[in-house]
Amino acid sequence: MSEQYICIGCGVKIQTENKEQIGYAPKSSLDKEEIVCQRCFRLKHYNEVQDVNLTDDDFLKILNELGKRDALIVKIVDIFDFNGSWLPGLHRFVGDNPILLIGNKVDLLPHSVKPNKLINWMKQEAKELGLKPKDVFLVSAEKGHFIKEVTEAIDSYREGKDVYVVGCTNVGKSTFINRILKEVTGEGDVITTSHFPGTTLDIIEIPLADGKFLVDTPGIINHHQMAHYIDKRDLKVITPKKEIKPKIYQLNEGQTLFFGGLARFDYISGGRSSFVCHVSNQIQIHRTKLEKASDLYERHKGEMLTPPRKEQIDSFPPLIKHEFTIKEGKTDIVFSGLGWITVNDPGVKVAVYVPKGVYAMLRKSLI
Ligand code: GDP
């Protein structure tokens, strides 16, 4: 593109290459007299927000800005990727602003999981990560579960202030905002955009009843998210679409499970024991002997062990080993972005492998 076009909606520089990035407009729209980016187009015509991604630098600018404003911060995380979708450092920037922590995608939890245990774990984990939310909620933005409750909580905690919604990409922030939009605006072209100072990033302002705003900030890319390492087409494989069905494996020592080619679980010692896998129903689980596992992975990654896809193998991060000894029965081994395995028996020794940069950790079982 030789000529530089500017969106008449938000003033961002128009680009036609990358749909996910800010300022995208289809090539065909460049012939028009008034050019708008796709994000403004959707906002104007459908009252619908669309997420754009953010560089780390812009992220810091936005965090800085959040600290200066007197507002309620609503932080959204994906309960299947709690640590991967965490915004590190948020607590250092928000100052005295109150925070609500919202775990999205609760519709995917199997019935055996106790929501209260998950909320307690989220509270604990948030505290360890330095964040002290006023309250923690679980919602399903997609299904609308608990949206009314959260909207009410937002309204009560904001105490007449603006509300800033923050979250990593893929946590369901757009879906959440679009839900809230329906609750608070109804019909009409009432949404506006404005800028964060010092960035080219427009934020979306949804007016609230008292003249204040609910503000949608751009989605932040967190490099610890499993989602960034796989092909977009495979996102639907790792992201559960329906309530997940736990799969039980009775394993002997020296057996290995592969979750596609994304993660590996070695049962090292502890006698015959059962392991309950909570991952997307779409992920293929392969059982094999530990002694053959490394060789199998080298020969079949990108084919039988997929995702990742064959053409991605070269750029896919190596799997890194983490060893755990389970001290208490009923412990979850969490593979961030993928799900978790519940171990029933104490004294079990295991090794898990996840792509470099992705988290693996233990927590008390949610069941
Ligand atoms: P954003 O990048 O944070 O704005 O995320 P999106 O709103 O685009 O959602 C990311 C993915 O998560 C999409 O595939 C959504 O369909 C899915 N999603 C969002 N909210 C929910 C939810 O409550 N439950 C389920 N099962 N999926 C959800």
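For the subset of the stretch 61-92 comprising residues that are more than 22 Å from Tyr359 (Cβ to Cβ) and among the hydrophobic types (A, V, I, L, M, F, W, C), which member is modelled with the lowest pLDDT?
Only one residue fits best here, namely Ile62.
What residue, among those in the stretch 271-284 that are touching a strand residue (DSSP E or B) at 6+ places or on another chain (Cβ under 6 Å) and not aromatic (Phe, Trp, Tyr), is surrounded by the fewest Cβ atoms within 10 Å (Cβ to Cβ)?
Only one residue fits best here, namely Ser274.
Suppose we keep only residues that are assigned to a helix (DSSP H, G or I) and hydroxyl-bearing (Ser, Thr, Tyr) within the stretch 160-218. Which one would you say is modelled with the highest pLDDT?
Thr175
Please go through the stretch 164-183 and give me each residue that is of a type in the set (Ser, Thr, Tyr) and more than 6 Å from the ligand (Cβ to nearest atom), ordered by number.
Tyr164, the sole residue that qualifies.
When you look at Ser156, is it outside any strand (DSSP E or B) and either crowded, with 16+ Cβ neighbours inside 10 Å or free of Cβ contacts under 8 Å to residues at least 12 places away in the same chain (or both), yes or no?
yes
Can you find a residue that is among the small types (Gly, Ala, Ser), over 15 Å from the mean Cα position of the chain (by Cα) and assigned by TED's automatic domain parsing to the domain that holds Thr169 anywhere in the stretch 70-79?
Among the residues of the stretch 70-79, at least one is among the small types (Gly, Ala, Ser), over 15 Å from the mean Cα position of the chain (by Cα) and assigned by TED's automatic domain parsing to the domain that holds Thr169, which makes the answer yes.
The conditions are (1) touching a strand residue (DSSP E or B) at 6+ places or on another chain (Cβ under 7 Å); (2) outside any loop (DSSP other than H, G, I, E, B); (3) in contact (Cβ under 8 Å) with a residue 60 or more places away in the chain, and Ala293 fails exactly one of them. Which is it?
Condition (3) is where Ala293 drops out.
Answer with yes or no whether Thr256 is within 16 Å of the ligand (Cβ to nearest atom) and not assigned by TED's automatic domain parsing to the domain that holds Gly89.
Considered against the rule, which asks whether it is within 16 Å of the ligand (Cβ to nearest atom) and not assigned by TED's automatic domain parsing to the domain that holds Gly89, Thr256 comes out as no.
Quick one: count up the residues across the stretch 302-314 that are in a loop (DSSP other than H, G, I, E, B) and either touching a residue at least 12 places away in the same chain (Cβ under 8 Å) or touching a Cys at 6+ places or on another chain (Cβ under 6 Å) (or both).
Selection size over the stretch 302-314: 7.
The values are calculated or read from the model by the stated rules, or taken from the named source; none is laboratory data. Fair warning: this is a prediction, and the values are worked out from it, not measured in the lab. For neighbour counting, all protein chains shown are included, and Cβ atoms are generated from backbone atoms with ideal geometry for every residue, glycine included.
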